[in-house]
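Following: one structure in structure tokens, then a few remarks.
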Amino acid sequence: MNTTLVTGRKLSSIHRAANNALSQHIQASHDAQDALRSSKEHINISVEAEESDVITDAGGEKYRAKLSVLIQRPTTRELAVDGPERDTKAEAIKDSEVLVKAYELEGEAGVKRVAQRLERKIWSKAEITGAAETSFEGLLIDPMAKSGTKVEKLIPPGEGWVRYSDDMLWDPRSEVYFVQVGSQMGKYLMKDKKTKEFQEVNTPNRAAEYNLIARAGGANITRKGVKMERTVLLPELPKIARLAMKFPLSFLDAPASAFALFQGIRSAEAADWCAKNFHTRLLPALAGKIHTWETRELQNVLQRVLRELDTELLKGTNALSGCVAIIALLLGDRIVVSGVGQVRAVLLFEDGSARQLLAGTHDFQAGAERERIEEAHGIVHGGLLHRSVDNLDEAQRILRAKSVFEVLQLEAGGPADVKQIRTAYRKLALRVHPDKRSEAVDVEAYNKAFARLDAAKEAAETILGADAAACRELWKVLQADIHTREGAAELLGVDKAAAWDTESVAEEAEKACKRQIKRLEKLEGVAAASAEYTLAKAMCEEAVETIRRPCSSEALPRQEALLKIGVNTSRAMGVRELRFPTSIVRMEPESASWQLTTTRSCRLALLAGATAGLPSQRLALLAKGLARQPKAAALRWCTEADFSVPSVGAVCIAFEAKRRPNEPATASGPAAKRQKVAATGAQAGSVFLRHVLFRHQQLRVADPAARREGAARNAAEAEAAAVATLQALIADPSSFGKVCRERSDCQTATQPGNMTGHLGWVGRGEQEPALEEAAFHLEANEFSDLVTTSRGIHIVQRLG
């Protein structure tokens, strides 16, 4: 049996007052009822059978307990209370025992309350056959209340509990119940999904706070076009759950943080949607369990989050867009990662070593993944993966054709007779016959193409012979362009106009789909048509989903233009036409985990796309000296990624043991300032700062404290200059004055001598939140990560 010890939480005077009032009310009620029952009362209890409209294995009768009491004082009247309808007489008898006991202990009010509780009560066999008193637990007020003894209800640790009954609380997200009074007081229960009976479960996780701190930074460089990456940094999950989702996360170990990097494929829409909805899937999943999480369970949670995002993405307007993703969850001293596509997670240690934690499957150029894609009739062309390409040579076209009809390139309307099939065969045979090829071609590919052409002719003739009309219907379905709205509408005979409300047209499409499949039924048992029939059926169903997908008439052409763009990964989210009806691209998340220690600091690199191609040792070298500046490290990786890629992104998370609180400001800083602090103490709660500012031409707010507008054209150029400056300052802190005078765009750079770049003593609320947050987390003499404000990009150093 589990025992609950309530520690670290004290009942408030409000709770005590409420409990005292409840006890006094119960005592007064009992006294009044005893006075009433002192006169002669007639109590009648019976179990009556009732006819039921529903016939079950137990028969057609239902049973109900009925309590009737003739009350004499203060006036003569009858009290009648019915129990719930039961399948068996034994259950109804048990109800009658409880009703009588309730009236004896609690009178009229008590028996009515217990009758309501019985509506939710499911009697177990053990309760029916066991001792009467033990089966009343949880239905009656504790007998101690009758004697006036104060009964205080236990309050479980954590937040989010709501009232389920007079003696039980309930956590609606995890569906765990807590018993506050009675013989099961302090127990945690869950309902069995099949029997609906309560079963005892372990106590919830006692949230532990680990001596770890995590700092995270995300970076992106857009060299051409639009930004394709989206980063998500959630440093405090309980706080975010309370503010954004309106529920607590009281049972998670701390620190509890989550991070994500989504990189768009074809366009940025899918990555943007996933980034905005990431927390709405993760937080409820974590709230769904208040007990201790096993590492494998956390991996499953992250995989489920990615699958749920993908499912919703495929239903929405951005289904033809796509993205690769890598997400990470930090709970206590465990870091769990999950990803799909061209992504990597790499651990970087203080000694310069590195360990690859996760590498997502994505390479389709060779090996088993290439074979799988070819079996699904995917086309690798120009280094990208496509469903269809126009300018293939004849052999490759035949090998990548999705049906026997596509192999033969039959004329519009499908095969009319065997002669038409054989004519098409002879024309193609002259182009791919082993004896007709030139020496420059791929011999093996042409041999395979001719073999498939031969097999296609035989299959087409067999299908035509089985049923000519069904054969032509099959051809019609297989040549349809089901991933465009026009092509799907033409196949199903519905309205092709784009619309946001697609419910009615989708119902029409579903009916048309069933009729179309019905016309193909005669080919279902034809062996030669097996693959084509299965594909055609799936294509009809996919055409319905195309019609169901909402879209505006303005956005439809742009979205369908994505169909012509190949992808550079064999695993991804979205990209619907490459996944249905045949799975050329798969969405199969992969996971890994790592246990952190407080004795060894490290960083975790989350990489996608081009940054995932950087060698692990190169990552470590680029981030050297940036142990506590994760954004700067991520920017260094982006800078070194493949220059031919138009947009790149990365996330860096730095883990280290918590340090002791900073020493008072008098410990460092300029001598004059130290004397002032010692004399007046005016700087208590303040920090002494100096900085280097990098402005850029995209800033829209006028800055009266600016020294100049800055040479950088955009934020990316300003960040690149800031990273280079930061690494130089970390390598040689004594050069700050010279560097600041040369590179800073703030007027403070012109201050004389050692005052160059000084912001002075800064208290809470005196600077923009981003700069303040960074400054108050710095150790003495430490340089900050890159800080972005309305003034530009800052490097801040705390002096005191």
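The values are calculated or read from the model by the stated rules, or taken from the named source; none is laboratory data. The structure displayed is predicted, hence computed values, not measured ones. A quick note on method: Cβ atoms are made from the backbone with ideal geometry, for glycine too, and the neighbour counts reach across all protein chains shown. Heads up: the accessible areas ignore ligands, DNA and RNA and are worked out on the full protein's heavy atoms, side chains in. Shrake-Rupley method; radii C 1.70, N 1.55, O 1.52, S 1.80 Å.
Could you please let me know if Leu778 is under 21 Å from Asp703 (Cα atoms), of a type in the set (A, V, I, L, M) and surrounded by 13 or more Cβ atoms within 10 Å (Cβ to Cβ)?
Spelling it out, it is not the case that Leu778 is under 21 Å from Asp703 (Cα atoms), of a type in the set (A, V, I, L, M) and surrounded by 13 or more Cβ atoms within 10 Å (Cβ to Cβ).
Within the stretch 434-442, is even one residue open to solvent by less than 60 Å² (accessible area, probe 1.4 Å), more than 43 Å from the chain's Cα centre (by Cα) and within 21 Å of Arg400 (Cα to Cα)?
Scanning the stretch 434-442, I find at least one residue that is open to solvent by less than 60 Å² (accessible area, probe 1.4 Å), more than 43 Å from the chain's Cα centre (by Cα) and within 21 Å of Arg400 (Cα to Cα), so the answer is yes.
Taking the criterion of being surrounded by fewer than 19 Cβ atoms within 10 Å (Cβ to Cβ), modelled with pLDDT under 95 and among the hydrophobic types (A, V, I, L, M, F, W, C), would at least one residue in the stretch 384-400 satisfy it?
Among the residues of the stretch 384-400, at least one is surrounded by fewer than 19 Cβ atoms within 10 Å (Cβ to Cβ), modelled with pLDDT under 95 and among the hydrophobic types (A, V, I, L, M, F, W, C), which makes the answer yes.
Restricting to the stretch 489-522, count the residues that are more than 23 Å from Ser388 (Cβ to Cβ), touching a Cys at 6+ places or on another chain (Cβ under 9 Å), of a type outside the set (A, V, I, L, M, F, W, C) and open to solvent by less than 80 Å² (accessible area, probe 1.4 Å).
Number of matching residues: 1.
For Glu486, are the conditions met, namely being open to solvent by 80 Å² or more (accessible area, probe 1.4 Å), assigned to a helix (DSSP H, G or I) and either in contact with a Lys or Arg (Cβ under 9 Å, 6 or more places away or on another chain) or of a type outside the set (Phe, Trp, Tyr) (or both)?
yes
Would it be correct to say that Thr546 is within 30 Å of Leu384 (Cα to Cα), modelled with pLDDT of 95 or more, open to solvent by 20 Å² or more (accessible area, probe 1.4 Å) and polar (S, T, N, Q)?
No: the conditions fail for Thr546.
With respect to Ala470, is the statement that it is touching a residue at least 40 places away in the same chain (Cβ under 8 Å) and not hydroxyl-bearing (Ser, Thr, Tyr) true?
Numbers: touching a residue at least 40 places away in the same chain (Cβ under 8 Å): yes; not hydroxyl-bearing (Ser, Thr, Tyr): yes.
When the stated conditions are applied, Ala470 passes them.
What helices (runs of 4 or more DSSP H), lying completely within the stretch 661-751, carry at least 1 residues that are aromatic (Phe, Trp, Tyr) and either farther than 18 Å from Gly763 by Cα or modelled with pLDDT of 95 or more (or both)?
The qualifying helices (runs of 4 or more DSSP H) are 736-743.
Name the single residue that is nearest to Gln263 (Cα to Cα) among those in the stretch 187-208 being in a strand (DSSP E or B) and touching a residue at least 60 places away in the same chain (Cβ under 8 Å).
It comes out as Val201.
Can you tell me which of (1) surrounded by fewer than 23 Cβ atoms within 10 Å (Cβ to Cβ); (2) touching a Lys or Arg at 6+ places or on another chain (Cβ under 8 Å); (3) assigned to a helix (DSSP H, G or I) is the one Cys274 doesn't meet?
Of (1) surrounded by fewer than 23 Cβ atoms within 10 Å (Cβ to Cβ); (2) touching a Lys or Arg at 6+ places or on another chain (Cβ under 8 Å); (3) assigned to a helix (DSSP H, G or I), only one is false for Cys274: (1).
Looking only at the stretch 758-775, which residues are over 17 Å from Lys631 (Cβ atoms) and open to solvent by 20 Å² or more (accessible area, probe 1.4 Å)?
Once the filter is applied, which keeps residues that are over 17 Å from Lys631 (Cβ atoms) and open to solvent by 20 Å² or more (accessible area, probe 1.4 Å), the stretch 758-775 yields Leu759, Trp761, Arg764, Gly765, Glu766, Gln767.
Provide a single number: the residues in the stretch 343-352 that are assigned to a strand (DSSP E or B) and open to solvent by 10 Å² or more (accessible area, probe 1.4 Å).
Of the residues in that region, 2 qualify.
Which of (1) more than 23 Å from Leu298 (Cα to Cα); (2) at pLDDT 95 or above is the odd one out, the single condition Ala359 does not satisfy?
Tallying (1) more than 23 Å from Leu298 (Cα to Cα); (2) at pLDDT 95 or above, Ala359 fails exactly one: (1).
I want to confirm something. Restricting to the stretch 355-368 and keeping residues that are part of a strand (DSSP E or B) and in contact with a Lys or Arg (Cβ under 9 Å, 6 or more places away or on another chain), which single residue is most open to solvent (accessible area, probe 1.4 Å)?
Gln356
Within the stretch 246-257, is even one residue at negative phi, polar (S, T, N, Q) and not in a strand (DSSP E or B)?
yes
Could you please give the count of residues in the stretch 603-632 that are open to solvent by 10 Å² or more (accessible area, probe 1.4 Å), in contact with a Ser or Thr (Cβ under 9 Å, 6 or more places away or on another chain) and free of Cβ contacts under 8 Å to residues at least 40 places away in the same chain?
Final tally of qualifying residues: 1.
Yes or no: Gly613 at positive phi and either in contact with a strand residue (DSSP E or B) (Cβ under 9 Å, 6 or more places away or on another chain) or modelled with pLDDT under 95 (or both)?
No, not satisfied.
Answer with yes or no whether Val567 is surrounded by 19 or more Cβ atoms within 10 Å (Cβ to Cβ) and within 30 Å of Val336 (Cα to Cα).
Numbers: surrounded by 19 or more Cβ atoms within 10 Å (Cβ to Cβ): yes; within 30 Å of Val336 (Cα to Cα): yes.
So Val567 passes the test.
Can you name the residue in the stretch 309-342 that is surrounded by fewer than 23 Cβ atoms within 10 Å (Cβ to Cβ) and hydroxyl-bearing (Ser, Thr, Tyr) and, of all such residues, is nearest to the chain's Cα centre (by Cα)?
The extreme case among them is Thr311.
Looking at the stretch 63-85, I want the residues that are of a type in the set (Val, Ile, Thr) and at pLDDT below 85 and have a partner that is open to solvent by less than 90 Å² (accessible area, probe 1.4 Å) and in a strand (DSSP E or B) with Cβ atoms under 7 Å, at least 6 apart or on another chain. Which pairs are those?
Ile71/Leu79
Identify the residue in the stretch 52-62 that is part of a strand (DSSP E or B), in contact with a Ser or Thr (Cβ under 7 Å, 6 or more places away or on another chain) and closer than 16 Å to Ala90 by Cβ and, among all such residues, is modelled with the lowest pLDDT.
As a first pass, look at the stretch 52-62 and keep what is part of a strand (DSSP E or B): 52-56, 59-62.
Now restrict to residues that are in contact with a Ser or Thr (Cβ under 7 Å, 6 or more places away or on another chain): 60-62.
Filter once more, keeping what is closer than 16 Å to Ala90 by Cβ: 61-62.
On the way: Glu61: 81, Lys62: 86.
Filtering the stretch 52-62 for residues that are part of a strand (DSSP E or B), in contact with a Ser or Thr (Cβ under 7 Å, 6 or more places away or on another chain) and closer than 16 Å to Ala90 by Cβ, the one modelled with the lowest pLDDT comes out as Glu61.
Collect the residues in the stretch 209-235 that are among the small types (Gly, Ala, Ser) and either without any contact (Cβ under 8 Å) to a residue 12 or more places away in the chain or open to solvent by less than 30 Å² (accessible area, probe 1.4 Å) (or both), keeping them in residue-number order.
Of all residues in the stretch 209-235, those among the small types (Gly, Ala, Ser) come to 214, 216-219, 225.
Matches in the stretch 209-235: Gly217, Gly218, Ala219.
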